[in-house]
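Structure, as structure tokens:
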Amino acid sequence: MTTETYRCWAEIDRSALRHNARLVRERIGSAAQLLAVVKANAYGHGLAGVAEALAKDAQLFGVANLEEAIQLRSALPHPIVILGPSIPEERSTVTERGFIPTISTFEEAQEFSLAAKDATSINFKVDTGMGRMGVPEGDALAVFKKVSVLPKIKIHSISTHLPVSNEDAEYTRDELARFSKLVRQIRAEIPGDYKAHVLQSAGLLAFPDPTFDIVRAGMILYGISPLPEFQKILRPVMTWKTRIGLIRDMPKGSSISYGRTFITPSKMRIATLTAGYADGYPRHLSNRDAAVLVRGQRCALLGRVTMDLMMIDVSKIDNVLVGDEAVLIGQQGAAEEISCAELAERAGTITWEIVTRIGSRVRRVFV
């Protein structure tokens, strides 16, 4: 099967992935390890293919849960950190497969100790302001001491998460200073070879000093910057495409799609695309001045996005044909581009939600 027969597909540019990984390496230097975050199907880009493309650039990989870890293990041998909490039924498998779980309480660490047949490495998470996971900052030193002496538990790393690194620089600088102080205190009282990590994509772009021992690069690897001023140095990795399945000349006064929210103001040539919200295209883009690219030109999205199809205006494009490619995200031609950020803004969401929601029936094609 070739891309010529796909109805809806995403082309994933391996060279762009590697370019972005090299940019991360340049920013963090040679000493820090790169943990490539490939959760949520590599932010919608295809977990196995992305991991294989980054195998020589990353020293570790990060996923959200055990299911993703098992899928990733079939693609590469690197250490895999499970960044989300593991439920009780998963703990024995996590330890048996050699994955690195993230723990937020002493009780979690204790249960992993009981489940393990051999030494299990863990990521000790501290909550410095995210409020989602982690030992509360004020309790971290005491809990770390208790965890460090548990049988069959080896601490691989200590980490935290930055909740406002793309919004509040003052808070983030204070948070980084607090975490640095905590790490120094822990290392002074409980010596060991465990590493520290905190910087994610926004952090390593805006606050790269200090880098600590590991950097967790996520969306930056996919060419999506959480800080608009850095977008120009990244290369977008995904081009999301579909096809024109039907072209019709519609008379003035014709209603388009559910709800009749668009009525043709004059005679229009309308193309029906073979993609819809079941493929992950946001229904929120209905009647929001969204556009797609056909033959290098912007074509307005008309009416409501439906489950499998959506309609666009191709009245001004000469020689448009059924089967022509339409670009939902990416470049087509020399000048025009529909960026992920543009869709996110029009849909009232964040850029990484746009790509992570792209569905499984959208084929990922690595180029």
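The values are calculated or read from the model by the stated rules, or taken from the named source; none is laboratory data. Since this is a predicted model, take the numbers as computed values, not measurements. Quick reminder, even Gly has a Cβ in these numbers, built from the backbone with ideal geometry, and neighbours come from all protein chains shown. The protein model used for the area step is the full one, side chains on, heavy atoms only, and it has no ligands, DNA or RNA in it. Shrake-Rupley method; radii C 1.70, N 1.55, O 1.52, S 1.80 Å.
Residues checked against (1) over 23 Å from GLU337 (Cα atoms); (2) free of Cβ contacts under 8 Å to residues at least 24 places away in the same chain; (3) within 18 Å of the chain's Cα centre (by Cα):
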{"position": "GLY192", "(1), (2), (3)": "yes, no, no"}
{"position": "GLY203", "(1), (2), (3)": "yes, no, yes"}
{"position": "ASP209", "(1), (2), (3)": "yes, yes, no"}
{"position": "GLU229", "(1), (2), (3)": "no, yes, no"}
{"position": "ARG235", "(1), (2), (3)": "no, no, yes"}
{"position": "THR242", "(1), (2), (3)": "no, no, no"}
{"position": "ARG248", "(1), (2), (3)": "yes, no, no"}
{"position": "ILE256", "(1), (2), (3)": "yes, no, no"}
{"position": "ILE263", "(1), (2), (3)": "yes, yes, no"}
Any chance ALA188 is among the small types (Gly, Ala, Ser) and in contact (Cβ under 8 Å) with a residue 12 or more places away in the chain: no
Among (1) part of a helix (DSSP H, G or I); (2) more than 23 Å from ILE358 (Cβ to Cβ); (3) within 19 Å of the chain's Cα centre (by Cα), the one test that VAL81 misses: (1)
Here is a list of conditions, (1) open to solvent by less than 30 Å² (accessible area, probe 1.4 Å); (2) at pLDDT below 95; (3) under 22 Å from GLY84 (Cβ atoms), and TYR194 meets all of them except one; can you say which number that is? (2)
If I go through the range 27-45 residue by residue, how many of them are of a type outside the set (A, V, I, L, M), open to solvent by 10 Å² or more (accessible area, probe 1.4 Å) and in a loop (DSSP other than H, G, I, E, B)? 2
From the option list GLY280, GLY323, GLY333, single residue qualifying as modelled with pLDDT under 95 and under 17 Å from ARG243 (Cα atoms) is GLY333
Suppose we keep only residues that are assigned to a loop (DSSP other than H, G, I, E, B) and either at pLDDT below 95 or hydroxyl-bearing (Ser, Thr, Tyr) (or both) within the range 113-136. Which one would you say is surrounded by the most Cβ atoms within 10 Å (Cβ to Cβ)? THR128
Name the residue that is least open to solvent (accessible area, probe 1.4 Å), counting only residues in the range 46-78 that are free of Cβ contacts under 8 Å to residues at least 24 places away in the same chain and either assigned to a helix (DSSP H, G or I) or among the aliphatic types (A, V, I, L, M) (or both). ALA55
Could you check the range 264-289 and list, in sequence order, the residues that are in a loop (DSSP other than H, G, I, E, B), surrounded by fewer than 23 Cβ atoms within 10 Å (Cβ to Cβ) and of a type outside the set (Lys, Arg)? THR264, PRO265, SER266, THR274, GLY276, GLY280, PRO282, SER286, ASN287, ASP289
Among the listed residues GLN200, GLN185, GLN110, which satisfies the condition of being of a type in the set (S, T, N, Q), surrounded by fewer than 17 Cβ atoms within 10 Å (Cβ to Cβ) and over 19 Å from VAL94 (Cα atoms)? GLN185
Working only within the range 338-356, note down all residues that are surrounded by 16 or more Cβ atoms within 10 Å (Cβ to Cβ) and touching a residue at least 12 places away in the same chain (Cβ under 8 Å). ILE338, SER339, CYS340, ALA341, LEU343, ARG346, ALA347, THR351, TRP352, ILE354, VAL355, THR356
What are the residues in the range 252-263 that are part of a loop (DSSP other than H, G, I, E, B) and among the charged types (D, E, K, R), if any? LYS252
Mind checking which strands (runs of 3 or more DSSP E) fall wholly inside the range 138-228 and carry at least 1 residues that are in contact with a strand residue (DSSP E or B) (Cβ under 6 Å, 6 or more places away or on another chain) and among the polar types (S, T, N, Q)? 153-159
Out of all the residues in the range 358-366, is one or more farther than 30 Å from LEU54 by Cα and surrounded by fewer than 22 Cβ atoms within 10 Å (Cβ to Cβ)? no
